[in-house]
1. With a point put 7 Å past each Cα toward its Cβ, work out how far residue 37 is from residue 74 in nm, to one decimal.
2. What is the gain in length, in nm to one decimal, between residue 67 and residue 20 on full extension, counting 0.36 nm per residue of separation less the C-alpha to C-alpha distance?
3. Kirkwood hydrodynamic radius (Cα pairs, Å) of the chain?
4. At a 1.4 Å probe, what is the % contribution of carbon and sulfur to the accessible area of the chain?
5. DSSP loop GluC sites (Glu not before Pro) in the chain with at most 14 other Cβ atoms within 10 Å of their Cβ, which ones?
6. What is the total of Lys pairs in the chain with C-alpha atoms under 14 Å apart, excluding same-chain pairs fewer than 8 positions apart?
7. Need one word for the stretch 32-77: rounded, prolate or oblate. Basis is the Cα gyration tensor (sqrt eigenvalues a ≥ b ≥ c); a/c below 1.5 gives rounded, then a/b vs b/c decides.
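The values are calculated or read from the model by the stated rules, or taken from the named source; none is laboratory data. Fair warning: this is a prediction, and the values are worked out from it, not measured in the lab. Cβ atoms come from the backbone with ideal geometry, glycine included; neighbour counts cover every protein chain shown. Quick note on the areas: whole protein, heavy atoms, side chains included, nothing else; ligands and nucleic acids left out. Shrake-Rupley method; radii C 1.70, N 1.55, O 1.52, S 1.80 Å.
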Amino acid sequence: MAMKQKIVFKVQMNCERCRIKTLKVVSDADGVDSMGFEGERRENVVVIGDGVDAATLASRLRKKVGHTEIISVALAN
């Protein structure tokens, strides 16, 4: 049984369309159970799931949305 991971990305989102695009990219990724925005300007995307490849997802977000950084990868409680 795979352990659930909590991955936090910082994504440069300048408009509501960027947020929608971000949600679509993340929801299409394999192994994603839940996702949401956090942070003061809601620029951090939190992804929870098992088997999620953080590097691949970051690469997809860079291509589709814009500048993306992986902030943290940890086991979800």
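1. For residue 37 paired with residue 74, the spin-label model returns 2.3 nm.
2. Contour length minus Cα-Cα distance gives 15.4 nm.
3. Details: mean 1/r = 0.0820 Å⁻¹.
Computed over the chain, the radius equals 12.2 Å.
4. Working: 2460 of 5000 Å².
Solvent-exposed carbon and sulfur of the chain make up 49 percent of the total.
5. 40
6. On the way: 21/63; 21/64; 24/63; 24/64.
Lysine pairs meeting both conditions in the chain amount to 4.
7. Details: a/c = 1.84, a/b = 1.14, b/c = 1.62.
It comes out oblate by the Cα gyration axes.
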